[in-house]
Amino acid sequence: MKNNNESLVAVKTAEFTGWFTNVFLTLYDVGLFIIRFFREGFLPPYEIKELIRQCYNIGYRSLLLISTTGLITGLVFTKQSRPSLSEFGATSWLPSLVAIALLRTLAPLLTGLIAAGKVGSSIGAELGSMRVTEQIDAMEVSACNPFKFLVTTRVIASSITIPILTFYTALMGMAGAFLNVNLSEGTSYTEFFQSALEQITFLDITASTIKSIIFGFTIGIVGCYQGYNSSKGTEGVGKAANSAVVIGMFLIFLEEVISVQFFAIFRGI
Amino acid sequence: MVQPLENINKSAEKVIEIKGLSKSFGSIHVLRKVHLDLYRGENLVVLGRSGTGKSVLIKIIVGLLMPDSGEVLVNGQYVDKISYQELLDLRLKVGFSFQNSALYDSMTVRENLEFPLVRNQRNLSKKEVDLAVEEVLDAVGLLQTMNQMPSELSGGQRKRVGIARTLILRPEIMLYDEPTAGLDPITCLDINSLINEVQERYRTSSIVITHDLTCAKQVGNRVAILLNGKFERQGTFDEVFLTKDEEVKPFYDYNFIQ
């Protein structure tokens, strides 16, 4: 009995050690992938045409989803906040409350999560299927650099377009909030936006921009890493797309928590 | 076991030399101390059963896979010992035609052909690129497909475009991975003719990986059979197949008796 228990402990210990080693090896591999991105991403020759195409794919093709989400979030958030504020007779604070909430957290987080789902999975699946069908190998053997063409363009494009989409989400959210306030209280467009924007600081805009660039970079790197290194077969493509979304979303939440703590230092909170 | 290479001009320059090459995947030993030479200007056909490491062999030649041991020299350079930049330069001289063509499916045929050319010869004008694209597409007889997407092409057309994409870089050596796999007999004959035309027109030396003995007979100046991880027989088609060897006979019987 004792021997059985001991061997079970030994097996579990070996499993745990193996898992731990795998985690570190993966982190090491991801680290090398990121270093390669910085080494190759900013050196000529540049893939400008592909970069623009990726910006279009990531940005323009996400507009409908982002617009709807932003508009509904602003509208619902305002409607749900109204009763609590009206208890204190503070409904006039609604515009600034919505503006701060949207700009500081809701817009970057929502955009990041939507992009992780839409863009991350698309990059993971696209590169994964290119790996499986030997298209990446075909680039390698024709002396082209697939990493530069496929990875750096996608990561830079998502790092550029996610911040733009974030401010667009915030704008759509404000439009939704205005719709609610206007229909309930008849507040004018000028009045609403004056009230909303007077509480916004330079730090809010800077923090949001930095955060969304990091989110964009994360989505791009995770999607590309999963797709570029996907194993052979269609199952591998599915796994790459799925992992790109799950890991991307997890990292975005983690980065959100860290960034809130970090920027709180500058806000003196 | 290896037959004498009487019909090969031994004074011809070796463009590929493989010495004692071994490659394993886990516990599976795919290649066991393989020796093989490719002479300038010849078409060498490599035959063997599925999973015997034929594709692995040519992937090692272009540096897509690394050998476990042994030496692979292409144009006198050790593939696994040169720098990445030297490997890229070497790859410009070696064209690789993939089994499934591996065309970039988000690009048109023209863009597929332009892709390697504009990235390796950045000083070319638009007109020169257009001319080069037209020339290789004409060489494979598919000028009319220039603006089509790969998904709109038949299997044979995809193979031809794949070959054209490698030819656009003017390689000295061509590696064909199962060029006739999955094609109807008539298209197979077309592809075989194309391989011979490429050899003649572009003065290439080629390794053709195949199961298809008709292809081997039509395109091969020399045939090598990979059995049990080694090249057990090499020589002309007749030298290799006019044999009572029980391991070689099934290839011939299957292809020509069935």
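This table checks each residue for (1) within 14 Å of chain A (Cβ to nearest Cβ); (2) acidic (Asp, Glu).
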{"residue": "B:Leu113", "(1), (2)": "yes, no"}
{"residue": "B:Arg119", "(1), (2)": "yes, no"}
{"residue": "B:Asp130", "(1), (2)": "no, yes"}
{"residue": "B:Glu135", "(1), (2)": "no, yes"}
{"residue": "B:Gly156", "(1), (2)": "no, no"}
{"residue": "B:Val161", "(1), (2)": "yes, no"}
{"residue": "B:Thr166", "(1), (2)": "yes, no"}
{"residue": "B:Ile173", "(1), (2)": "yes, no"}
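Is at least one residue of segment A:9-24 more than 30 Å from A:Val155 (Cα to Cα) and either among the hydroxyl-bearing types (Ser, Thr, Tyr) or surrounded by 13 or more Cβ atoms within 10 Å (Cβ to Cβ) (or both)? Lay out the reasoning, then the answer.
If we filter segment A:9-24 for residues that are more than 30 Å from A:Val155 (Cα to Cα), which is where we start, we get A:9-18.
Within this subset, residues satisfying the condition of being either among the hydroxyl-bearing types (Ser, Thr, Tyr) or surrounded by 13 or more Cβ atoms within 10 Å (Cβ to Cβ) (or both) are A:13, A:17.
Looking for residues that are more than 30 Å from A:Val155 (Cα to Cα) and either among the hydroxyl-bearing types (Ser, Thr, Tyr) or surrounded by 13 or more Cβ atoms within 10 Å (Cβ to Cβ) (or both), one finds at least one in segment A:9-24, hence yes.
If I ask for residues that are surrounded by 24 or more Cβ atoms within 10 Å (Cβ to Cβ) and not charged (D, E, K, R), which ones from segment A:154-171 would you list? Quick ask: steps written out before the conclusion?
Initial filter on segment A:154-171 (surrounded by 24 or more Cβ atoms within 10 Å (Cβ to Cβ)): A:154-155, A:157-158, A:161-162, A:165-166, A:169-170.
Selection gives A:Val155, A:Ala157, A:Ser158, A:Thr161, A:Ile162, A:Leu165, A:Thr166, A:Thr169, A:Ala170.
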TODO: Considering each of B:Val109, B:Val133, B:Val129, B:Val161 in turn, give the residue that is modelled with pLDDT of 95 or more and farther than 26 Å from B:Ser193 by Cβ.
DONE: B:Val129
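Just checking, how many residues over segment B:85-98 are within 17 Å of B:Gly182 (Cβ to Cβ) and more than 8 Å from chain A (Cβ to nearest Cβ)? Explain how you work it out, then say what you get.
Step one: filter segment B:85-98 for residues within 17 Å of B:Gly182 (Cβ to Cβ), giving B:97-98.
Imposing the further condition that a residue be more than 8 Å from chain A (Cβ to nearest Cβ) reduces the set to B:97.
Summing the residues that are within 17 Å of B:Gly182 (Cβ to Cβ) and more than 8 Å from chain A (Cβ to nearest Cβ) in segment B:85-98 gives 1.
Quick one: which helices (runs of 4 or more DSSP H) lie wholly within segment A:41-149 and hold at least 3 residues that are within 25 Å of A:Lys211 (Cα to Cα), away from chain B (no Cβ under 14 Å) and not polar (S, T, N, Q)? Spell out how you get there, then give the answer.
Working: elements: A:48-59, A:63-87, A:94-101, A:107-115, A:121-132, A:135-141.
The helices (runs of 4 or more DSSP H) meeting that bar are A:48-59, A:63-87, A:94-101, A:107-115.
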Open item on the list: Here is a check on your reading of the model: is B:Leu44 modelled with pLDDT of 95 or more, part of a strand (DSSP E or B) and either more than 14 Å from chain A (Cβ to nearest Cβ) or within 20 Å of B:Lys159 (Cβ to Cβ) (or both)?
Closed with: yes
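Among the residues of segment B:67-82, is there at least one that is of a type in the set (D, E, K, R), buried (at least 19 other Cβ atoms within 10 Å of the Cβ) and touching a residue at least 40 places away in the same chain (Cβ under 8 Å)?
no
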Open item on the list: Being touching a Leu at 6+ places or on another chain (Cβ under 6 Å) and free of Cβ contacts under 8 Å to residues at least 60 places away in the same chain is the filter here; which residues of segment A:234-269 pass it?
Closed with: none
Open item on the list: List the residue pairs whose Cβ atoms are under 9 Å apart, where the first residue sits in segment A:80-92 and is without any contact (Cβ under 8 Å) to a residue 40 or more places away in the chain, the second is surrounded by fewer than 15 Cβ atoms within 10 Å (Cβ to Cβ) and of a type in the set (A, V, I, L, M), and the two are 6 or more positions apart or on different chains.
Closed with: A:Ser84/A:Ala90
- [ ] For segment A:109-132, indicate whether the set of residues that are surrounded by fewer than 22 Cβ atoms within 10 Å (Cβ to Cβ), among the aliphatic types (A, V, I, L, M) and without any contact (Cβ under 8 Å) to a residue 12 or more places away in the chain is non-empty.
- [x] no
TODO: Identify, by number, the condition in (1) modelled with pLDDT under 95; (2) surrounded by 15 or more Cβ atoms within 10 Å (Cβ to Cβ); (3) part of a helix (DSSP H, G or I) that A:Asn182 doesn't meet.
DONE: (2)
TODO: With respect to B:Thr187, determine if the residue is under 27 Å from B:Gly53 (Cα atoms), at pLDDT below 95 and crowded, with 20+ Cβ neighbours inside 10 Å.
DONE: no
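The values are calculated or read from the model by the stated rules, or taken from the named source; none is laboratory data. Since the model is a prediction, treat every value here as computed from it, not as a measurement. Cβ atoms come from the backbone with ideal geometry, glycine included; neighbour counts cover every protein chain shown.
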